[in-house]
1. Among R48, R30, which is the only one that is within 16 Å of W119 (Cβ to Cβ) and either of a type in the set (A, V, I, L, M, F, W, C) or touching a residue at least 40 places away in the same chain (Cβ under 8 Å) (or both)?
2. State yes or no: is G96 touching a Ser or Thr at 6+ places or on another chain (Cβ under 9 Å), away from the ligand (no atom under 11 Å from the Cβ) and closer than 16 Å to L24 by Cβ?
3. Which of the residues spanning the stretch 93-131 are out of contact with any Asp or Glu (no Cβ under 9 Å at 6 or more places or on another chain) and exposed (fewer than 15 other Cβ atoms within 10 Å of the Cβ)?
4. Which residues, counting only those in the stretch 71-92, are in contact with a Phe, Trp or Tyr (Cβ under 6 Å, 6 or more places away or on another chain) and either farther than 18 Å from V123 by Cα or surrounded by 17 or more Cβ atoms within 10 Å (Cβ to Cβ) (or both)?
5. Can you name the strands (runs of 3 or more DSSP E) wholly within the stretch 41-87 that have at least 2 residues being at pLDDT 95 or above, within 11 Å of I108 (Cβ to Cβ) and near the ligand (Cβ under 10 Å from one of its atoms)?
Amino acid sequence: METREIFPLGEPLSKHWFIGKAYLYPLVARDNNNCFSAGTVTFEPGARTNWHTHPKGQVLIVIEGNGFYQEQGKIAQPIKKGDVVNIPENVIHWHGASALGKMVHITITNYSGDENVTWLNPVTDEEFYEVNQ
Ligand code: MN
């Protein structure tokens, strides 16, 4: 059966902070009532964020496919459609698709002042394929 995506693909995310093809479709902008932004991020197979932190944490809601969430120094956690990840503040982590399949998640990212993310180094191929073995 053919399936339809819930949200459009959106626009490509920066090569500076993502490896592979990743796209953002914004859902909710920060405003007077919401001290967060929300969006849908689509990762093609093998795509992932750089290592990064959020000053006030982040929630991921996986709506399609399979991927990984990993905190620095910990075993990578496989994530799949229906999983929810509650990421604490200032924890170094990455998230992305598996090597063989795409993954789509909604992000809800809280702000501290005008910041909601601090980008760090790329997740190397060695780091990525270690979790995909
Ligand atoms: Mn994150």
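1. Details: R30 fails: within 16 Å of W119 (Cβ to Cβ).
The match here is R48.
2. Details: touching a Ser or Thr at 6+ places or on another chain (Cβ under 9 Å): yes; away from the ligand (no atom under 11 Å from the Cβ): no; closer than 16 Å to L24 by Cβ: yes.
Spelling it out, it is not the case that G96 is touching a Ser or Thr at 6+ places or on another chain (Cβ under 9 Å), away from the ligand (no atom under 11 Å from the Cβ) and closer than 16 Å to L24 by Cβ.
3. Across the stretch 93-131, the qualifying residues are L100, G113, D114, E115, T118, W119, N121, T124, D125, E126, Y129, E130.
4. Result: A76, I79, V85.
5. On the way: elements: 58-71, 77-80, 84-87.
Once the strands (runs of 3 or more DSSP E) in the stretch 41-87 are filtered for at least 2 residues that are at pLDDT 95 or above, within 11 Å of I108 (Cβ to Cβ) and near the ligand (Cβ under 10 Å from one of its atoms), what remains is 58-71, 84-87.
The values are calculated or read from the model by the stated rules, or taken from the named source; none is laboratory data. Being a predicted model, the structure only gives us computed values, none of them experimental. Positions of Cβ are backbone-derived with ideal geometry, glycine not excepted, and every protein chain shown enters the neighbour counts.
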